[in-house]
Amino acid sequence: MKDLKECLFYEKLEENNVKCNLCPRHCIIAEGKRGNCKARENQKGKLYSLVYAKPCAIAIDPIEKKPFYQFMPGNSAYSIGTAGCNLHCQFCQNWTTSQARPEDITSMTLTPKQLVEEAEFHGCRAIAYTYNEPIIFYEYVLDCAKLAKKKGIKNIIVCNGFINQEPLKEWCKYIDAANIDLKAFTDKFYKQITGAWIKPVLESIKTLKKQGVWLEITNLIIPTLNDKPAEIKKMCKWIKENIGTTTPLHFTAFYPCYKILDIPPTPKDTLLKAKSIADKEGLKYVYVGNVPAEKESNTYCPKCGKLLIRRGWFNITQNNLRKGKCNCGYKADGIWE
């Protein structure tokens, strides 16, 4: 236990039980047992993180790969992930780590200080907490983010948004940008396909926007499961009414993975139709990803329509912004430096 990190946001109950208040599941955990995420364990009436400073995945990625298209384009992010997740998406591409117990996969020890030093050494201007689910390694993210902020390194999360408001607001003091994976726009999909529910995710999206964290949203479209035009239109309308028209929205293609192997990849035409729906709803920055789509992955000026940023997959091939502005004078929405 001396090598483990005691968790934040939990309460002690009778008979050495504890209640985890990090995410909306509010797991009540008996002594010697773990929460739904498999990464937080009750040891003698105290809740400990089993993945603190224990990343199992480390990479240096283009920031566009997260995806972030309007946050420090062209920069690299030192990216880390651990074991465990509080969702159980049947289509998860990182299921070998997200659905694993910490002891069942190989990890390394990397303290917050060492992590920030590694990011500095490799010239990364951001640290990305990603891959499995940063909510699960909440305390690690928080400690790393505090140190990184002092060094002028940005902190970004790629997150499912299934977190309670108090811990999220604490994160918002140190997190610079978030890409929330909005899995679908029906509670039925969330409950049947992810094992969670949608309301807390929508609340997280609103909170991040209100707290001034740069926000982008990703919607992975899975044929027959969440690709109905009416559902997509409803989602786009909600985005417009709750967080405005300037939040980038990424429609990305599904490929068979994990437990969903009998559904074919998302046709590009489906993504283009989704983009068209979002455009008609007035969203200003709508992208298509995971398929060859050069035009639909570029950023254009909402005022004059001119090309601002041209992308080739995850690379910036042309940047026409000058101090965040188009030649027409329009200040593009985003964090550009």
Item to check | Candidates Leu8, Leu22 - the one that is among the aliphatic types (A, V, I, L, M), surrounded by fewer than 17 Cβ atoms within 10 Å (Cβ to Cβ) and in a loop (DSSP other than H, G, I, E, B) | outcome: Leu8
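What is the residue count in the range 68-123 for residues that are hydroxyl-bearing (Ser, Thr, Tyr) and surrounded by fewer than 15 Cβ atoms within 10 Å (Cβ to Cβ)? Can you show your working first?
Applying the first criterion (hydroxyl-bearing (Ser, Thr, Tyr)) to the range 68-123 yields 69, 76, 78-79, 82, 96-98, 106-107, 109, 111.
Filter once more, so that each one left must be surrounded by fewer than 15 Cβ atoms within 10 Å (Cβ to Cβ): 106, 109, 111.
Selection size over the range 68-123: 3.
Is it fair to say Lys303 is under 23 Å from Ile243 (Cβ atoms) and either outside the structural domain of Trp214 (by TED's automatic domain parsing) or without any contact (Cβ under 8 Å) to a residue 12 or more places away in the chain (or both)? Full working, then the answer.
Details: under 23 Å from Ile243 (Cβ atoms): yes; either outside the structural domain of Trp214 (by TED's automatic domain parsing) or without any contact (Cβ under 8 Å) to a residue 12 or more places away in the chain (or both): yes.
Taking the combined requirement at face value, the residue satisfies it.
Hey, among Val286, Val291, which residue is assigned by TED's automatic domain parsing to the domain that holds Ala126 and at pLDDT below 95?
On the way: Val286 fails: at pLDDT below 95.
When all the criteria are applied, what remains is Val291.
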Next on the checklist: Which pairs turn up if I take residues in the range 81-107 that are at positive phi and look for partners that are among the small types (Gly, Ala, Ser) with beta carbon separation below 6 Å, at least 6 apart in sequence or on another chain?
Outcome noted: Gly84/Ala39
Checklist entry - Given the conditions (1) in contact with a Phe, Trp or Tyr (Cβ under 6 Å, 6 or more places away or on another chain); (2) closer than 25 Å to Tyr255 by Cβ; (3) not charged (D, E, K, R), which single one is not true for Ile180? => result (1)
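The values are calculated or read from the model by the stated rules, or taken from the named source; none is laboratory data. Predicted, not measured: the structure shown is a model, and the values here were computed from it. Every residue, glycine among them, receives a Cβ derived from its backbone with ideal geometry; neighbour counts consider all protein chains shown.
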